[in-house]
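All of the numbers you see were taken from the coordinates with simple rules; none came from a lab. Bear in mind that the values here come from a model prediction, so they are computed numbers and not experimental data. Cβ placement follows ideal geometry from the backbone for every residue including glycine, while neighbour counts extend to all protein chains displayed.
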Amino acid sequence: MRTASSLLRLPDAIAAVPLPAPVAALELVGVSKFYGSTAALRDVSLRIDPGEVVALLGPSGAGKSTLFRCISRLAEADGGKVLITGQDIGALDRRALREQRQSIGLIFQQFNLVGRLTALANVLAGRLGHTATWRVVSRRFKHEDRQIALAALDHVRLLERAYQRADSLSGGQQQRVAIARVLAQQSRIVLADEPVASLDPASAENVLEVLRDIARERGIAVLCSLHQTDLARRHADRIVAVRAGRVVLDAPAKSVGLADIDAIYRGDTAADDLG
Ligand SMILES: Nc1ncnc2c1ncn2[C@@H]1O[C@H](COP(=O)(O)OP(=O)(O)OP(=O)(O)O)[C@@H](O)[C@H]1O
Ligand SMILES: [Mg+2]
C-alpha cells in the first residue's frame, strides 16, 4: 500500500520539475495592425487568465476597438499572434475558427439586441452556434436551450423580464440581456467595447458588477474598454492602457494611481503616423 510518507519521498529530479504555467484564456504576442500609414496597434502583448477582469483604457484613437477586432478576427492583424486557450487562431482552419469564435462573446456600447424580439429570444440567439439550422429556422429551440437561456437571464437578475420586448427595456437592462446572451453562448472570453458608455452612472456600476460576477463565478476572462477611469480602478483586477497603439501600462488595478491615469491621457495620443 502507498502511504502518504512514501508519496512524499519523491526523487529530487521529479520534485524539482516546476508545475506548468496555467494556460491563459487569451494571450496576444506582438500584435500589430496598420491602416495605410497609420499604426493602430504596435507590438501589443498581453495576457488574461480565466476569471480575470481587465479594463482597457486609452484616449480616443489609441487602438482599443482595433484590438477587439483583431482578437475576434473581424480584422486581420498584420503581425504577431492571438492565442485563445493556448491555440493560435491564425493557424486554425475555417471550421476550427468558427468553433473558436463561439468561445468569444462580444458586447458593444449600443447593446446590439433585436428590439422587436423578447429578452429571452435575444438570449436564445447566443445558442445559435450550438443549435441545428432547422431548429433556428423553425424557432424550435430545444428545451435544454431554453433552460440555459432562462438561467442566464436569472443570472443577470432579469428572469421576470424574459418575455418583455428588448426595446422596451432600460439601457442597463438591455446591456444585462447582452451579458446573458454571452453566458448562454458559453463564451470563455468576453470582449466588451465601451459597454457602459451609454448608461447612467448607477446602471454602469450595475453592469460592471454583473461582468465581474460572471468572471468570478464562471471563470470567464473579460476584457472591457472604458472611458471612466474610476470605474476601471474599482471594478477591474488589472488595468491595461494603450496610447498610440502601444501598451503603456499593465498593472493590478489597485496599484494604479491618479498620476498613472493622468499620464495615459496626457500629451500626443493619436495613433503613430508612419508617413
Ligand atoms: N477601418 C479603418 N480604416 C482606417 N483607419 C482606421 C480604421 N479603423 C481604425 N482606424 C484608425 O486606427 C486608430 C485606432 O482606432 P480605434 O478605433 O481602435 O481607437 P479607439 O481606441 O477604439 O478610440 P475610441 O476611444 O474613440 O473608440 C485610429 O487612428 C483610427 O483612425
Ligand atoms: Mg473604440
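For LEU128 and TYR265, the FRET efficiency from 1/(1 + (r/R0)^6), where r spans their Cβ atoms and R0 equals 35 Å, is about 0.35.
Shown for LYS254, LYS81: other C-beta atoms within 10 Å of each C-beta, ranked fewest to most, produce the order LYS254, LYS81.
Note on the chain: dipole from Cβ charges, positive end direction compared against GLN185, PRO252, ILE89; the farthest Cα belongs to GLN185.
Residue separation of ALA251 and ARG157 scaled by 0.36 nm, minus their Cα-Cα distance, works out to 30.7 nm of gained length. Rounded to the nearest 500, the 222 nm mean residue ellipticity of the chain from helices alone is -10000 deg cm²/dmol, with -39,500 (n - 2.57) taken per DSSP H run of at least 4 residues.
Could you list TYR265, TYR35 so that the one with the fewest beta carbons within 10 Å of its beta carbon is first and the one with the most is last? Ranked by crowding around the Cβ, least crowded first: TYR35, TYR265.
Using only side-chain charges placed at the Cβ, +1 for Lys and Arg and -1 for Asp and Glu, the dipole size of the chain relative to its Cα centre rounds to 1080 debye. If you take all other residues with their beta carbon under 10 Å from the beta carbon of ILE89, and give Lys and Arg +1 and Asp and Glu -1, the sum is +2. For ASP200 and HIS143, a Förster radius of 35 Å and the Cβ-Cβ distance give a FRET efficiency of 0.40, rounded to the nearest 0.05. Taking a ≥ b ≥ c as the square roots of the eigenvalues of the Cα gyration tensor, an a/c ratio of 1.5 or more together with a/b no larger than b/c marks the stretch 37-123 as oblate. Using C-alpha pairs below 8 Å separated by at least 6 residues, the relative contact order for the chain is 28 percent. Cross-link partners of LYS64 among lysines, defined as those whose alpha carbon lies under 23 angstrom from its own and excluding same-chain residues fewer than eight positions apart: LYS33, LYS81, LYS254.
The label-point distance for LEU117 and ASP93, in a model that sets each label 7 Å from Cα toward Cβ, rounds to 3.0 nm.
Of the chymotrypsin sites (Phe, Trp or Tyr not before Pro) found in the stretch 73-174, the ones in coil according to DSSP and having at most 13 other Cβ atoms within 10 Å of their Cβ are TYR163. Residues HIS235, HIS155, HIS227, ranked from the fewest to the most other C-beta atoms within 10 Å, line up as HIS227, HIS155, HIS235.
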